[in-house]
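J.: Questions regarding the structure given below will be posed in turn.
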Amino acid sequence: MPPSDSPIFESQSLIAIFLGDQPAALGRFESVESAALPAAVRSLLDHNHHMTVTVERHHGGPVSVEVLREAWPDGVYAREILLRRADGRAVLYGIVRIHLEAMPAPVRRQILLKELPLGRILITHKLMRRVERIELLRIWPGPRLIELLGPPAPVETSPESGCFFGRTALIHVDGQPAIELLEIVA
(Lines give C-alpha, C1' and ligand atoms only; values in the text may rest on other atoms or scores of the structure.)
Protein backbone atom coordinates (compact mmCIF):
# COMPACT_ATOMS: atom_id res chain seq x y z
CA MET A 1 0.00 0.00 0.00
CA PRO A 2 1.33 3.51 -0.67
CA PRO A 3 2.67 5.04 2.55
CA SER A 4 0.00 7.24 4.14
CA ASP A 5 2.48 10.08 4.71
CA SER A 6 3.43 10.09 1.00
CA PRO A 7 0.33 9.40 -1.12
CA ILE A 8 1.78 10.66 -4.40
CA PHE A 9 2.43 7.90 -6.88
CA GLU A 10 3.49 7.90 -10.48
CA SER A 11 0.93 7.28 -13.21
CA GLN A 12 3.74 5.44 -14.99
CA SER A 13 3.77 2.76 -12.28
CA LEU A 14 0.10 2.03 -13.00
CA ILE A 15 0.63 2.06 -16.76
CA ALA A 16 3.58 -0.34 -16.42
CA ILE A 17 1.31 -3.00 -14.90
CA PHE A 18 -0.36 -3.60 -18.26
CA LEU A 19 1.94 -1.98 -20.81
CA GLY A 20 5.32 -2.83 -19.29
CA ASP A 21 8.07 -0.88 -20.95
CA GLN A 22 5.73 0.33 -23.74
CA PRO A 23 3.88 3.26 -22.04
CA ALA A 24 3.85 5.17 -25.34
CA ALA A 25 1.26 2.64 -26.56
CA LEU A 26 -1.14 4.36 -24.16
CA GLY A 27 0.13 7.86 -24.84
CA ARG A 28 2.39 10.69 -23.85
CA PHE A 29 1.42 12.32 -20.56
CA GLU A 30 1.90 15.88 -19.36
CA SER A 31 0.92 17.25 -15.95
CA VAL A 32 -1.32 20.33 -16.25
CA GLU A 33 -2.90 22.86 -13.92
CA SER A 34 -6.67 23.00 -13.55
CA ALA A 35 -6.84 26.36 -15.34
CA ALA A 36 -5.31 24.74 -18.45
CA LEU A 37 -8.26 22.35 -18.84
CA PRO A 38 -11.24 23.15 -21.05
CA ALA A 39 -14.24 23.96 -18.80
CA ALA A 40 -16.21 20.78 -19.59
CA VAL A 41 -13.16 18.62 -18.94
CA ARG A 42 -12.35 20.49 -15.72
CA SER A 43 -15.81 19.66 -14.32
CA LEU A 44 -15.21 15.98 -15.10
CA LEU A 45 -11.73 15.73 -13.56
CA ASP A 46 -10.91 18.49 -11.07
CA HIS A 47 -12.75 17.29 -7.96
CA ASN A 48 -12.45 14.90 -5.05
CA HIS A 49 -15.42 12.67 -5.90
CA HIS A 50 -15.85 9.24 -7.44
CA MET A 51 -15.61 9.31 -11.22
CA THR A 52 -18.52 6.85 -11.43
CA VAL A 53 -20.92 9.45 -10.04
CA THR A 54 -19.36 12.33 -12.00
CA VAL A 55 -19.44 10.45 -15.33
CA GLU A 56 -23.02 9.27 -14.73
CA ARG A 57 -24.14 12.84 -13.99
CA HIS A 58 -22.31 14.17 -17.08
CA HIS A 59 -23.74 11.53 -19.42
CA GLY A 60 -27.23 11.48 -17.89
CA GLY A 61 -27.40 7.85 -16.84
CA PRO A 62 -25.69 4.87 -15.28
CA VAL A 63 -22.44 3.44 -16.55
CA SER A 64 -21.24 -0.14 -16.57
CA VAL A 65 -17.74 -1.47 -16.12
CA GLU A 66 -15.85 -3.63 -18.59
CA VAL A 67 -12.72 -5.19 -17.12
CA LEU A 68 -10.26 -5.51 -20.00
CA ARG A 69 -7.36 -7.13 -18.12
CA GLU A 70 -6.44 -8.09 -14.57
CA ALA A 71 -3.09 -8.57 -12.87
CA TRP A 72 -1.72 -9.21 -9.39
CA PRO A 73 1.65 -7.37 -9.30
CA ASP A 74 3.31 -7.93 -5.92
CA GLY A 75 0.09 -9.53 -4.66
CA VAL A 76 -2.00 -6.37 -5.23
CA TYR A 77 -5.06 -6.59 -7.48
CA ALA A 78 -4.99 -4.33 -10.54
CA ARG A 79 -7.28 -3.99 -13.51
CA GLU A 80 -7.58 -2.09 -16.74
CA ILE A 81 -11.16 -0.94 -17.33
CA LEU A 82 -13.60 0.96 -19.47
CA LEU A 83 -16.74 2.63 -18.17
CA ARG A 84 -19.52 2.50 -20.76
CA ARG A 85 -22.80 4.35 -21.16
CA ALA A 86 -26.01 2.38 -21.70
CA ASP A 87 -25.57 2.78 -25.48
CA GLY A 88 -22.19 1.00 -25.24
CA ARG A 89 -20.01 4.07 -25.83
CA ALA A 90 -16.81 4.05 -23.76
CA VAL A 91 -16.64 7.23 -21.67
CA LEU A 92 -13.68 6.51 -19.38
CA TYR A 93 -10.52 4.41 -19.54
CA GLY A 94 -8.82 3.52 -16.30
CA ILE A 95 -6.13 1.55 -14.58
CA VAL A 96 -6.85 0.77 -10.96
CA ARG A 97 -4.62 -0.79 -8.29
CA ILE A 98 -6.75 -1.96 -5.35
CA HIS A 99 -5.30 -3.03 -2.02
CA LEU A 100 -8.02 -5.59 -1.32
CA GLU A 101 -6.81 -6.27 2.22
CA ALA A 102 -8.07 -2.76 3.11
CA MET A 103 -11.63 -3.74 2.13
CA PRO A 104 -14.23 -5.70 4.09
CA ALA A 105 -14.79 -9.22 2.71
CA PRO A 106 -18.16 -8.43 1.03
CA VAL A 107 -16.59 -5.49 -0.81
CA ARG A 108 -13.60 -7.61 -1.93
CA ARG A 109 -15.97 -10.27 -3.27
CA GLN A 110 -18.07 -7.72 -5.16
CA ILE A 111 -14.99 -6.06 -6.67
CA LEU A 112 -13.72 -9.41 -7.92
CA LEU A 113 -17.09 -10.21 -9.53
CA LYS A 114 -16.39 -7.35 -12.00
CA GLU A 115 -20.10 -6.52 -12.37
CA LEU A 116 -20.25 -2.95 -11.04
CA PRO A 117 -18.01 0.12 -11.27
CA LEU A 118 -15.71 0.41 -8.25
CA GLY A 119 -17.17 3.75 -7.12
CA ARG A 120 -20.68 2.28 -7.10
CA ILE A 121 -19.49 -0.63 -4.92
CA LEU A 122 -17.80 1.64 -2.38
CA ILE A 123 -20.82 3.95 -2.22
CA THR A 124 -23.31 1.08 -1.90
CA HIS A 125 -21.34 -0.45 0.98
CA LYS A 126 -21.09 2.97 2.67
CA LEU A 127 -17.38 2.61 3.30
CA MET A 128 -15.72 5.53 5.04
CA ARG A 129 -13.72 6.89 2.10
CA ARG A 130 -12.06 10.01 0.81
CA VAL A 131 -11.10 10.60 -2.83
CA GLU A 132 -7.92 12.63 -3.27
CA ARG A 133 -7.26 14.04 -6.72
CA ILE A 134 -3.48 13.90 -7.19
CA GLU A 135 -2.63 15.15 -10.67
CA LEU A 136 -4.39 16.43 -13.78
CA LEU A 137 -3.07 15.19 -17.11
CA ARG A 138 -3.06 16.05 -20.80
CA ILE A 139 -2.57 12.91 -22.89
CA TRP A 140 -1.50 12.70 -26.50
CA PRO A 141 -2.97 9.26 -27.21
CA GLY A 142 -1.06 6.27 -28.41
CA PRO A 143 -2.58 3.39 -30.41
CA ARG A 144 -3.96 1.54 -27.36
CA LEU A 145 -5.92 4.53 -26.10
CA ILE A 146 -7.27 5.35 -29.57
CA GLU A 147 -8.29 1.70 -30.02
CA LEU A 148 -10.28 1.82 -26.75
CA LEU A 149 -11.72 5.36 -26.75
CA GLY A 150 -11.56 6.33 -30.41
CA PRO A 151 -9.85 9.50 -31.58
CA PRO A 152 -10.12 12.49 -29.23
CA ALA A 153 -12.90 14.95 -29.96
CA PRO A 154 -11.86 18.50 -30.82
CA VAL A 155 -11.96 20.89 -27.88
CA GLU A 156 -12.38 24.63 -27.57
CA THR A 157 -8.67 25.51 -27.63
CA SER A 158 -6.22 24.47 -30.31
CA PRO A 159 -3.30 23.23 -28.13
CA GLU A 160 -5.58 20.47 -26.85
CA SER A 161 -6.75 19.28 -30.26
CA GLY A 162 -5.89 15.63 -30.53
CA CYS A 163 -5.59 15.21 -26.75
CA PHE A 164 -7.42 13.38 -24.02
CA PHE A 165 -7.44 14.51 -20.40
CA GLY A 166 -7.22 12.52 -17.24
CA ARG A 167 -6.22 12.44 -13.63
CA THR A 168 -4.58 10.33 -11.03
CA ALA A 169 -6.36 9.91 -7.72
CA LEU A 170 -6.03 8.02 -4.48
CA ILE A 171 -8.98 6.68 -2.54
CA HIS A 172 -8.50 6.41 1.19
CA VAL A 173 -10.65 3.80 2.96
CA ASP A 174 -11.04 4.14 6.71
CA GLY A 175 -8.27 6.74 6.66
CA GLN A 176 -5.73 4.58 4.80
CA PRO A 177 -4.68 4.88 1.14
CA ALA A 178 -6.22 1.84 -0.53
CA ILE A 179 -6.94 2.47 -4.23
CA GLU A 180 -4.71 4.12 -6.86
CA LEU A 181 -6.37 5.34 -10.04
CA LEU A 182 -5.47 6.59 -13.49
CA GLU A 183 -8.65 7.85 -15.15
CA ILE A 184 -8.88 9.21 -18.70
CA VAL A 185 -12.15 10.65 -20.02
CA ALA A 186 -13.32 10.23 -23.59
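The values are calculated or read from the model by the stated rules, or taken from the named source; none is laboratory data. Worth saying up front: this structure is predicted, and the values here are computed from it rather than measured. Every residue, glycine among them, receives a Cβ derived from its backbone with ideal geometry; neighbour counts consider all protein chains shown. Quick note on the areas: whole protein, heavy atoms, side chains included, nothing else; ligands and nucleic acids left out. Shrake-Rupley method; radii C 1.70, N 1.55, O 1.52, S 1.80 Å.
J.: Can you give the relative contact order of the stretch 101-186 as a percent, counting alpha carbon pairs under 8 Å and 6+ residues apart?
T.: 30
J.: While we're looking at this one, here's another question. In the chain, if the dipole is taken from +1 on Lys/Arg beta carbons and -1 on Asp/Glu beta carbons about the Cα centre, which of Gly94, Val107, Gly142 is farthest to the positive end?
T.: It is Val107.
J.: A further question on this structure: With every protein chain left in place, what is the accessible area per residue of the chain in square angstrom, probe 1.4 Å?
T.: Working: 8630 Å² over 186 residues.
It amounts to 46 Å² per residue over the chain.
J.: For Arg109, what charge total do you get from the other residues with a beta carbon under 14 Å from its beta carbon, if Lys and Arg give +1 and Asp and Glu give -1? List each step's numbers first, then the result.
T.: Numbers: positive: Arg108, Lys114; negative: Glu101, Glu115.
Counting the neighbours of Arg109, the net charge comes to 0.
J.: Starting from the amide H of Leu68, placed 1.01 Å from N in the peptide plane, find each other amide H under 5 Å away whose residue is 5 or more places distant or on another chain.
T.: Close amide H contacts, sequence-distant or interchain: Glu80, Ile81, Leu82.
J.: Could you please state how large a percent of the accessible area of the chain is carbon and sulfur, counting protein chains only and using a 1.4 Å probe? Kindly include the intermediate steps, with their values, before the conclusion.
T.: On the way: 4530 of 8630 Å².
After summing per-atom areas, the C and S share lands at 52 percent.
J.: Across the stretch 78-92, in residue order, what do the Karplus-derived ³J(HN,Hα) couplings come to in whole Hz, using 6.51 cos²θ - 1.76 cosθ + 1.60 with θ = phi - 60° and x for Gly and Pro?
T.: 9, 8, 9, 9, 10, 9, 10, 6, 4, 7, x, 5, 6, 10, 7
J.: Work out from phi, with θ = phi - 60° and the Karplus expression 6.51 cos²θ - 1.76 cosθ + 1.60, the ³J(HN,Hα) of each residue of the stretch 17-30, listed in order in whole Hz, and give x for Gly and Pro.
T.: Whole-Hz 3J(HN,Hα) from phi for the stretch 17-30: 4, 10, 10, x, 8, 10, x, 5, 4, 7, x, 10, 10, 9.
J.: Here's a follow-up. Quick one: Karplus J couplings for the stretch 57-65, per residue in order, coefficients 6.51, -1.76, 1.60, θ = phi - 60°, nearest Hz, x for Gly and Pro?
T.: Whole-Hz 3J(HN,Hα) from phi for the stretch 57-65: 5, 5, 9, x, x, x, 10, 10, 10.
J.: Roughly how big is the chain's charge dipole about its Cα centre, with Cβ charges of +1 (Lys, Arg) and -1 (Asp, Glu), in debye to the nearest 20? Walk me through the intermediate numbers first.
T.: Numbers: 20 positive and 22 negative charges, 121 e Å.
Dipole about the Cα centre, nearest 20: 580 debye.
J.: Continuing with this model, one more query. Out of every Cα pair in the stretch 75-180, what percent are spaced more than 20 Å from each other? It would help to have the intermediate numbers written out before the result.
T.: Values: 2651 of 5565 pairs.
When all Cα pairs of the stretch 75-180 are counted, 48 percent exceed 20 Å.
J.: Please list the non-local residues whose amide H lies under 5 Å from the amide H of Ala186, H modeled 1.01 Å from N, same-chain partners needing a gap of 5 or more.
T.: Under 5 Å from the amide H of Ala186 lie the amide H atoms of Leu92, Tyr93, each far enough along the sequence or on another chain.
J.: Rounded to the nearest 500, what is the 222 nm mean residue ellipticity of the chain from helices alone, with -39500 (n - 2.57) per DSSP H run of 4+ residues and division by all residues? Numbers along the way, then the final one.
T.: Details: 6 runs with 48 residues, N = 186.
Helices in the chain give a 222 nm mean residue ellipticity of -7000 deg cm²/dmol.
J.: How big is the chain in terms of Cα radius of gyration and Dmax, in angstroms?
T.: That works out to 15.5, 48 Å for Rg and Dmax.
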